[in-house]
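Shown next, in structure tokens, is the structure this report addresses.
The values are calculated or read from the model by the stated rules, or taken from the named source; none is laboratory data. Source: prediction; values computed, not measured. With ideal geometry, Cβ positions are generated from the backbone for all residues, glycine too; neighbour counts draw on all protein chains shown. Just so you know, the surface numbers come from the protein's heavy atoms only, side chains and all, with ligands and any DNA or RNA stripped out. Shrake-Rupley method; radii C 1.70, N 1.55, O 1.52, S 1.80 Å.
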Amino acid sequence: MKDMLTPYVTDDGRQIGETLMDMRNITLRFGGVEAIKDISFNIQEGEIRAIIGPNGAGKSSMLNVISGFYNPQEGEVWFRGKKRPPMKPFQVARLGIARTFQNIALFEGMSVLDNVMTGRLNHMNAGLFSQALWKGRAEREETENREAVERVIDFLEIQAIRKTPVGRLPYGLKKRVELARALAAEPKLLLLDEPMAGMNVEEKEDMSRFILDVNDEFGTTIALIEHDMGVVMDLSDRVIVMDYGRKIGDGTPDEVRNNQEVIDAYLGVAHD
Amino acid sequence: MLYREAGDFKTSYQEDSQTFPIAFDRYRYWAVLAFAFLVVPFVINDYWANAILVPFLIYAIAAIGLNILTGYCGQVSLGTGGFMAVGAYACYKLMTSFPDVSIVIHIILSGGITAAVGAAFGLPSLRIKGFYLAVATLAAQFFLVWLFNKVSWFYNYSASGQINAPERTVFGVPVTGPNTEAWAQYLICLVFVTVCAIIARNLTRGSLGRTWMSIRDMDIAAEIIGVNPLKAKLTAFAVSSFFIGIAGALFFAVYLGAVEVGEAFGIQKSFLVLFMIIIGGLGSIFGSFAGAAFLVVLPVVLKLIGVDLLGWPTDLVAHFQLVIVGALIMFFLIKEPHGLAQLWRLAKEKLRLWPFPY
Ligand SMILES: Nc1ncnc2c1ncn2[C@@H]1O[C@H](COP(=O)(O)OP(=O)(O)O)[C@@H](O)[C@H]1O
Ligand SMILES: [Mg+2]
């Protein structure tokens, strides 16, 4: 995390505003159900991109396509100017894409510190023998990565629960630890699936602040799914609106808010 | 008031991630090691070596091995007996084929061979989980025992079908064969258990250990942070089998001296080691020792009390033992999956606060 506090310039000299991820005509089916219908959109370097829409619209499915859980039946995924072949999730992670889940997916048997340290696994490649002897590279890497992790822990203000087993934490903190684990990977693209679901107002404010700070300070590009329209309007640079697997709106929060189709979808469909 | 964490501040991350962050624990660790290496060898006799200490040390290695696979990586295995047999037969073939090479090297190589076999049998773990994986490893158990019975090359075509450990020395002292003295038997096992435990501890506290635990706790989340599940599971099978193979080699060459595979490495062995880690504590190196000690000492103590003291018939005591072990397994599985190790931790936490309970 060497350049964590310096202004954001990507390591291969890419500029803010360039296209980071380009989804082209994505269609995803589960059996007969079309969860995503021919959707195209892009995500630009440095922006906060929101995906909104009623329950079952296909938002999580879209994140799952980006992170490699599902391979779409049709369409192309372009990342950093290259077409991405079908990949396993762990390969996608190695490209620099990290995420959190709608239902928290932490390692319940491990401490907060170990959970966040797992986020650094892609930055650690000491061999078996070095690790077995705890000498040389393994020992060095452990310290270096611990330092990086401690910066994330400070940043998200979870110092006090460092050594606590994750299973004992309340819901709001678990969400924050999950964000910490994703951040520890120093992703180029961070995907957040309903990071504020189930939170009270205060927790939501904290989380919004963290998301904005991550984007500001580290220049991390973020794609997030969120139900709370107020939050989305405050946080995001551009918004995609989905409904029944289709894209019905795409633009700045103001543009989207005044889009008639979006208004209809939101008035017509109950959502939580 | 002796056991204190407060005031024991860490000034670097190295110190914080060491094995015994609390000074008192560190001193106790060194004290135990010093006692085991410098005192016990001088006072040990045949009874203590054969009934308790040597089997305890060897089972501790096997339990560490299984704990890596099951406790740390979450892959249940009932193949421990079979993998111990691989270690034993590998060691026998190496000893008899290369009599000039040191037995220590043979034992390590036996671990390596078992690691390869273990990884091969671990391949199905990518597709199958939990109960089905347990059944697959059970099949491995039966297959391996059958193989070592059936193919006479493994026992050098001996008429009895047994394998017998020839005499081998370390620094001129016999450690296998009938002339081995109790202290030598004990010491070679102690050296192996110490090295194995340190290696296991190092592997489990670093990135490989976290890789394993992430697979155990939630494999989907592990994949999303970049863990290759196949690689994680296969390394767990390989490392686990390495230790189990060493335990099997020692069990045959140093402890028993002569082995009939079904008897020494049957399915009971698989269950015994599994019970050790359940009682001792899943996902704990210390728990592996505690569980091994408990299940080695229990029958000895029961016999002392039941047969020698109270005069009960032997088979009654044996049944009694089964009941106790069964009840304990149920207790630990339901109430305390982290076993004796966790009870020990809780006791320490109480002690840390003593005499002020809050
Ligand atoms: N693994 C799956 N198998 C079958 N259908 C699925 C699966 N995942 C999602 N779906 C379906 O796809 C649609 C979109 O779901 P999802 O992406 O979770 O919506 P959202 O996150 O917008 O609420 C729903 O109709 C859902 O039932
Ligand atoms: Mg969803």
Q. If we keep just the residues of region B:234-258 that are surrounded by fewer than 24 Cβ atoms within 10 Å (Cβ to Cβ) and under 25 Å from residue B:198 (Cβ atoms), which is nearest to the other protein chains (Cβ to nearest Cβ)?
A. B:235
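From the list A:89, A:72, A:54, which residue is near ligand 1 (Cβ under 10 Å from one of its atoms) and either in contact (Cβ under 8 Å) with a residue 40 or more places away in the chain or buried (at least 17 other Cβ atoms within 10 Å of the Cβ) (or both)?
Being near ligand 1 (Cβ under 10 Å from one of its atoms) and either in contact (Cβ under 8 Å) with a residue 40 or more places away in the chain or buried (at least 17 other Cβ atoms within 10 Å of the Cβ) (or both) holds for just one of A:89, A:72, A:54, which is A:54.
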Q: Would you check which residues across region A:98-112 are crowded, with 21+ Cβ neighbours inside 10 Å and away from ligand 2 (no atom under 16 Å from the Cβ) and list them?
A: A:98, A:106, A:107, A:109, A:110, A:112
Q. Where in region A:13-123 are the strands (runs of 3 or more DSSP E), entirely inside, with at least 3 residues that are under 22 Å from residue B:216 (Cβ atoms)?
A. A:97-100
Q) Of the residues that make up region A:77-85, is at least one within 16 Å of ligand 2 (Cβ to nearest atom) and of a type outside the set (S, T, N, Q)? A) no
Q | Residue identified as out of contact with any helix residue (DSSP H, G or I) (no Cβ under 9 Å at 6 or more places or on another chain) and in contact (Cβ under 8 Å) with a residue 40 or more places away in the chain among B:130, B:172, B:122, B:161 | A | B:130
Q.
Taking the criterion of being out of contact with any Ser or Thr (no Cβ under 9 Å at 6 or more places or on another chain) and not hydrophobic (A, V, I, L, M, F, W, C), would at least one residue in region B:235-257 satisfy it?
A. yes
Q) Of the residues that sit in region A:174-221 and are over 26 Å from residue A:123 (Cα atoms) and either within 11 Å of the chain's Cα centre (by Cα) or among the small types (Gly, Ala, Ser) (or both), which one is surrounded by the fewest Cβ atoms within 10 Å (Cβ to Cβ)? A) A:198
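Restricting to region A:201-228, name every residue that is of a type in the set (A, V, I, L, M, F, W, C) and more than 16 Å from ligand 2 (Cβ to nearest atom).
A:201, A:207, A:210, A:211, A:212, A:214, A:218, A:222
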Q) Hey, residue A:25 hits all of (1) open to solvent by less than 60 Å² (accessible area, probe 1.4 Å); (2) more than 8 Å from ligand 1 (Cβ to nearest atom) but one; which does it fall short on? A) (1)
Q | Evaluation of residue A:167 against (1) within 24 Å of residue A:92 (Cβ to Cβ); (2) within 12 Å of chain B (Cβ to nearest Cβ) (one fails), failing number | A | (1)
Q: Being more than 29 Å from residue B:70 (Cβ to Cβ) and within 16 Å of ligand 1 (Cβ to nearest atom) narrows it down to one of A:191, A:156, A:179, A:173, so name that one.
A: A:191
Q: Within region A:232-243, count every residue that is assigned to a helix (DSSP H, G or I) and under 16 Å from the mean Cα position of the chain (by Cα).
A: 2
Q: Sort out which residues of region B:188-233 are buried (at least 22 other Cβ atoms within 10 Å of the Cβ), closer than 18 Å to residue B:76 by Cα, of a type in the set (A, V, I, L, M) and at the interface with another protein chain (Cβ under 8 Å from one of its Cβ atoms), and write them in order of number.
A: B:213
Q) What single numbered condition from (1) more than 10 Å from chain B (Cβ to nearest Cβ); (2) in a helix (DSSP H, G or I) fails to hold for residue A:224? A) (2)
Q: From (1) under 17 Å from residue A:19 (Cβ atoms); (2) more than 14 Å from chain B (Cβ to nearest Cβ); (3) more than 16 Å from ligand 2 (Cβ to nearest atom); (4) buried (at least 17 other Cβ atoms within 10 Å of the Cβ), pick out the condition that doesn't hold for residue A:95.
A: (2)
